[in-house]
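Below is one structure, written out as structure tokens; the observations come after it.
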Amino acid sequence: MDMKTSSGKKLGLKEKYRHMTRGLDWETTYQKREDVFPYVAYEGIKIHDWDKWEDPFRLTMDSYWKYQAEKERKLYAIIDAYAQNNGHLNVTDARYLNAIKLFLTGISPLEYMAHRGFTHAGRAFPGSGPRVACLMQALDELRHAQTQIHSLSNYNKYYNGFHDPAHMLQRVWYLSVPRSFFDDAVTAGPFEFMVAIGFSFEYVLTNLLFVPFVSGAAYNGDMGTMTFGFSAQSDEARHMTLGLEIIKFILEQDPDNVPIVQRWIDKWTWRGYRVLTLVGMMMDYMLPKRIMSWKEAWEVYFEQNGGALFKDLSRYGIRPPKWLDQISFDKDHISHQAWATFYQYGAIADFHTWSPTEDELDWLSSKYPDSFDKYYRPRLDYWREQAEQGNRFYNKTLPQLCQTCQIPMVFTEPGDPTKICYREVDYQGEKFHFCSDGCKEIFENEPEKFKQSWLPANQIYQGNCFPDGTDPTVEGFDPVSKVLEYYNIQAGRDNLDFDGSEDQKNFAKWRGMATSNE
Amino acid sequence: MQMDLRTVSIQPLRQTYDPVARRFGDKPASRYQEGTYDIQSTANFHYRPTWDPDHEIFDTARTRIVMSDWYAFKDPRQFYYGAYTLARAKQQDAAEANLGFVENHGLVANLDAGLRDRAIALLLPLRHVAWGANLNGASVCAYGYGTAFTQPFIFQAMDHLAIAQYLTRIGLLLGAEETLDKAKESWLADDAWQGLRRYVEDTFVLKDPFELFIAQDVALDGLLYPLVFDTIVNGVFAAEGGTPIALTTQFMTDWFKETRRWADATVKTAATESPENRALIEKWVGHWRDRAAAALQPVAQIAVGDKADALIAEQVEQFNARLAKAGVKV
């Protein structure tokens with residue numbers, strides 16, 4: 001868009017943008033500022049001059065619509081073609097589908113939460129620069145939620161486990177991990193939300209979420225997922241820039257902000273890292289054609305890239321996040337510990353698990369020479385033997401959950417992978433349990449918040465996870481089947497081992513129909 | 001002649017996601033349906049907002065409107081992100097062409113100076129009204145309940161930002177950078193604008209998202225857009241040789257015609273739900289309509305002088321007739 005004034009004077013980008021955004025705002029006088037923007041002060045962040053905010057993109061709405069519409073047109077054309085062409089039959093192996101089930105139930109509903117969260121943050125900030133940037137991101141996040149739902153809609157037509165993602169997110173045991181992460185961010189103040197999601201998640205950790213799923217899709221013949229991933233890429237680039245801008249802005253405004261932000265960075269790096277356990281497991285176990293190991297991804301995307309970032313932020317007095325030593329030690333372990341958990345609890349999950357093939361076990365041995373053969377391979381070998389004899393192991397006892405991250409207490413002591421890590425805190429006469437020093441400290445900083453956690457295992461035991469009208473006192477009451485009903489997991493179709501599943505049979509049959517004349 | 005192209009045909013296990021199938025049956029669903037129904041969380045929230053501990057993250061108690069199902073609302077445009085963006089991109093093309101036409105043919109230079117001054121005085125402070133509406137759209141989207149209800153408000157918020165930006169461009173086309181500064185001074189200090197500014201600032205502190213929808217999208221937009229863009233710009237100004245100005249504001253005219261359908265449907269759904277909802281909506285509409293009409297009177301005067309009273313009365317009459325069709329008597 002070229003802009004001239006009536007006298008023919010051409011405006012520069014900066015002036016133009018100033019008029020298009022900053023110039024629109026005014027200081028209210030009929031209503032007090034603190035009543036118009038009531039949520040901006042209570043976190044203790046001091047902002048002296050909102051105009052110091054540097055708008056990273058200077059995007060006006062007309063350009064936004066133009067670029068985004070072009071992307072939407074292309075994306076939906078590919079989605080339609082992929083569906084019409086039965087593109088789902090081109091994926092490497094039907095086990096792959098479980099990786100995208102994890103995405104649709106664990107991630108897509110969070111994109112929606114991000115949409116509402118950024119709307120709230122945009123409404124909360126008095127500065128026009130951050131307001132516009134947050135609201136544009138809010139609109140983008142709605143795009144991501146919807147394009148994911150639309151892209152994966154075709155998978156839902158043919159395979160199990162895709163049928164009710166938002167409902168499951170609010171109920172299914174392991175989905176409380178990503179869900180509580182986002183609930184935590186949205187219930188925090190607007191500045192913490194921006195550090196949590198805008199900076200820690202979108203900037204520091206996003207490569208560990210998006211790259212594995214989207215590259216995983218590309219490696220495994222899933223053009224549907226790959227396409228929405230690539231289409232979201234330029235949005236994500238904008239979001240990452242916003243995340244970095246917000247942190248620099250807050251830090252530059254007042255030295256008193258530094259310790260607050262540091263605590264948030266510590267908290268949200270740890271919280272995000274815990275959620276990424278699911279991604280690590282997906283990378284190491286669920287992709288038939290692997291991109292790289294979780295350990296390698298962590299080294300490239302966090303240790304190298306993140307290291308440079310925190311070096312850059314040190315001039316503001318920010319140090320790297322806490323507990324990095326433990327994370328670094330754990331990178332040899334967590335994906336294996338997580339897969340073992342899902343394998344055991346495969347009866348109450350909405351996706352399938354399985355015994356890795358011999359080739360896959362060898363791959364894991366080569367990627368994890370210091371841990372896999374010693375600690376994890378023997379167990380997988382044993383489970384596979386048992387399964388082959390008809391004794392596929394399902395754990396029927398509910399695990400204890402960490403009060404903060406809500407992951408079952410399956411992680412091990414820093415430095416000792418043979419010992420489960422337990423921490424506990426007494427608060428108001430109650431005992432609270434934690435999987436790690438990180439989760440314990442996060443609780444101790446905000447006990448009033450984290451004592452509220454809706455822990456799925458505890459809720460089941462309290463009788464809160466049965467369908468309305470269930471009478472648990474009747475003879476022969478089967479709690480597991482009632483919990484599955486409450487989750488809307490279709491027993492025998494969504495859950496249990498991949499081997500023998502409807503997905504496995506249908507995929508083989510349909511691929512046969514598509515590739516032969518049988 | 002028909003070509004009979006074939007693809008391998010496989011019988012699907014299901015046609016759509018469960019929430020959509022529960023509502024409409026298991027049949028092929030639209031993208032609006034799949035992208036809208038039941039995607040907001042409603043159960044088992046983990047923590048109360050630290051910024052509003054009296055409520056859950058999403059809470060029906062933030063408004064006094066009571067719905068047995070917040071997905072009773074339906075956007076007649078069926079806007080989800082993709083449909084919305086494509087529609088606006090098309091309008092953006094048209095707006096760009098119009099602005100370019102006016103600029104390239106030097107049409108502003110031929111305008112009568114008096115008319116041009118009145119157009120500047122009327123249109124430019126409205127940048128700030130639209131900027132306020134952007135904030136209010138964000139409020140309803142953030143604090144409302146259920147995607148069917150909240151989703152259109154992020155679109156409203158961004159549309160209002162776009163309108164503020166189009167008005168800025170129109171201002172620069174009609175005047176210069178100082179023209180924008182002067183208009184902002186008027187907005188802040190001139191008597192003619194203080195009623196409207198007070199109205200806008202008062203809506204900033206409304207806590208009930210549905211009342212805010214009534215105050216902003218129904219009452220204020222419902223009087224301001226037809227008055228300023230249809231009646232004054234397209235009617236009065238055009239008759240005085242101001243057709244080039246009307247070309248530059250065509251986006252606003254089209255936009256209001258489209259969004260009014262959604263606003264009416266939303267009012268109607270809530271009012272039809274219960275007599276209590278209807279009574280509340282009638283009270284809100286009456287209150288905010290009267291305030292908006294009073295605030296717009298001196299604004300209309302800028303453009304049409306002593307004909308303002310008659311114009312406003314006409315607008316109010318049309319507004320009442322429109323709301324009556326949506327089931328609300330005021």
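Since every read-out is calculated from the coordinates, none of them should be taken as a lab result. None of the values given here were measured: they were computed from a predicted structure. When we count neighbours, we look across all protein chains shown, and the Cβ atoms used for this are built from the backbone with ideal geometry, even at glycine.
Excluding same-chain neighbours fewer than eight residues apart, the aspartates and glutamates reachable from B:Lys27 by a Cα-Cα span under 15 Å are B:Asp18. Peptide B:172-181 shows a mean partner chain C-beta count of 4 within 10 Å per residue C-beta.
For the stretch A:237-320, the direction-averaged projected area of the alpha-carbon convex hull comes to 6.1 nm².
Of the peptides B:70-78, B:37-45, how do they stack up when ordered by the mean number of other Cβ atoms within 10 Å, highest first?
Packing proxy ranking, top to bottom: B:37-45, B:70-78.
Per-residue ellipticity at 222 nm, computed for chain B from helices alone with -39500 (n - 2.57) per DSSP H run of at least four residues, works out to -20500 deg cm²/dmol. Normalising by residue count, the stretch A:271-353 has a Cα convex hull of 96 Å³ per residue.
Rounded to the nearest 10 degrees, the angle from helix B:250-273 to the longest Cα principal axis of chain B is 50 degrees.
Each Lys or Arg adds one and each Asp or Glu takes one away; over the other residues whose Cβ falls under 14 Å from the Cβ of A:His115, this sums to -2. Add -39500 (n - 2.57) for each DSSP H run of 4 or more in chain A, then divide by its residues: what number comes out at 222 nm, to the nearest 500 deg cm²/dmol? Here the helix-only value at 222 nm equals -16500 deg cm²/dmol.
Neighbouring Cβ atoms from other chains, within 10 Å of the Cβ of residues in B:9-16, number 6 on average. Calculate the tail of P(r) for the protein assembly as shown: the fraction of all Cα-Cα distances greater than 44 Å, expressed in %. That fraction is 32 percent. Each DSSP beta bridge with both residues in the protein assembly as shown is either parallel or antiparallel, and the antiparallel ones are about 90%. Other residues with beta-carbon under 10 Å from the beta-carbon of A:Leu313 carry, at +1 per Lys or Arg and -1 per Asp or Glu, a net charge of +3. Which lysines, if any, have their Cα less than 16 Å from the Cα of B:Lys325, not counting same-chain residues under 8 positions apart? Of all the lysines, those that pass the test against B:Lys325 - Cα under 16 Å, at least 8 places apart if same chain - are B:Lys257, B:Lys268. Relative to the longest principal axis of the Cα atoms of chain A, helix A:334-344 runs at roughly 50 degrees. Shown for A:Lys374, B:Lys268, A:Lys311: other C-beta atoms within 10 Å of each C-beta, ranked fewest to most, produce the order A:Lys311, A:Lys374, B:Lys268. Peptide B:96-108 has a mean of 1 when you count, residue by residue, the C-beta atoms of other protein chains within 10 Å of its C-beta.
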